[in-house]
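The values are calculated or read from the model by the stated rules, or taken from the named source; none is laboratory data. These figures come from a predicted structure and were not determined experimentally. For neighbour counting, all protein chains shown are included, and Cβ atoms are generated from backbone atoms with ideal geometry for every residue, glycine included. What goes into the accessible areas is simple: the full protein's heavy atoms, side chains included, and nothing from ligands, DNA or RNA. Shrake-Rupley method; radii C 1.70, N 1.55, O 1.52, S 1.80 Å.
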Amino acid sequence: DRMKLGALQLIALPLVLVFAFAAGCATFVFSSGLDSNPMPNMAITTLGIIWIGLLGSYAALIVSLSNFSIFTADGVSTDVGTDTLFVVALAIVANDVGALFIGSAAGRTPLRAWISPNKTVEGFVGGAVMTVLAMVVVGVSGRSTTWNSTGDLIILGLVVAFTAPLGDLTESMFKRNLDVKDFGTIVKGHGGVLDRFDGFLFTLPATWYLLQILEPFVTK
């Protein structure tokens, strides 16, 4: 079943990108003329398709694993996907909390000053430490039936400690380049809705492929 799902992924993801790109191009082909700025607007559209659409779609791909019966170290499980997504969400929250508190208390060295002067190296390290500690707690307490090895959880924590801040910095970089404070007004004072999920965008694909490599559900 997992082999079929992997094959489906290889077929479906490029197909979606092709249709989305073709639909965008067709929209500008039938526009009134060059005043529609097809080149820069298609570049921005494609950025959104890949950055939010493609990367975000890995959440559905991970959750879809719960539609399959997967043989684990403790028997057969049907919650591999939902369990993994919960662990990832916990890791990202731990990363945000650690970076916020350590960065506020001891942050002195800008991580990338031209992107965001408020993000510091100390905050990055604090977030990484908090993420790994959270994963150790999950492993020791046996809260996850999928990630049942503390060693695998530490690897996941290290991956999240790098990819979550990368997602945050990427959004901040785009906002700085566009000279806007927020990408939306629904969540006022927090940069918009995307600010609540930017840490997931690089983490989700990394987690999906880490699942394929480690197969943590079969590890004692």
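Results, tabulated for the structure shown:
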read-out: Packing-based order for 86-93, 136-143, using average beta carbon neighbours within 10 Å, highest first; value: 86-93, 136-143
read-out: The chain - percent of accessible surface contributed by carbon and sulfur, probe 1.4 Å; value: 71
read-out: Förster radius 22 Å - calculated FRET efficiency between residue 137 and residue 89 (Cβ-Cβ, nearest 0.05); value: 0.90
read-out: Sorted peptide list for 94-104, 48-58, criterion being average Cβ within 10 angstrom, highest first; value: 94-104, 48-58
read-out: The chain - accessible surface per residue (Å², probe 1.4 Å); value: 56
read-out: Cα→Cβ-extended label distance, 7 Å offset, between residue 13 and residue 197, nm; value: 1.8
read-out: Residue (of 54, 163, 87) at the positive-pole extreme of the chain, dipole from beta-carbon charges; value: 163
read-out: Contour minus Cα-Cα distance for residue 31 and residue 63 (0.36 nm per residue); value: 7.6 nm
read-out: Accessible surface of residue 181 - all protein chains present, 1.4 Å probe, nearest 10 Å²; value: 150
read-out: Net lengthening on full extension, residue 41/residue 79 (0.36 nm per residue, minus Cα-Cα); value: 9.6 nm
read-out: Helix runs (DSSP H) in the chain reaching 27 Å along axis by Cα, Kyte-Doolittle at least -0.5; value: 2-29, 80-106, 121-141, 150-178, 194-214
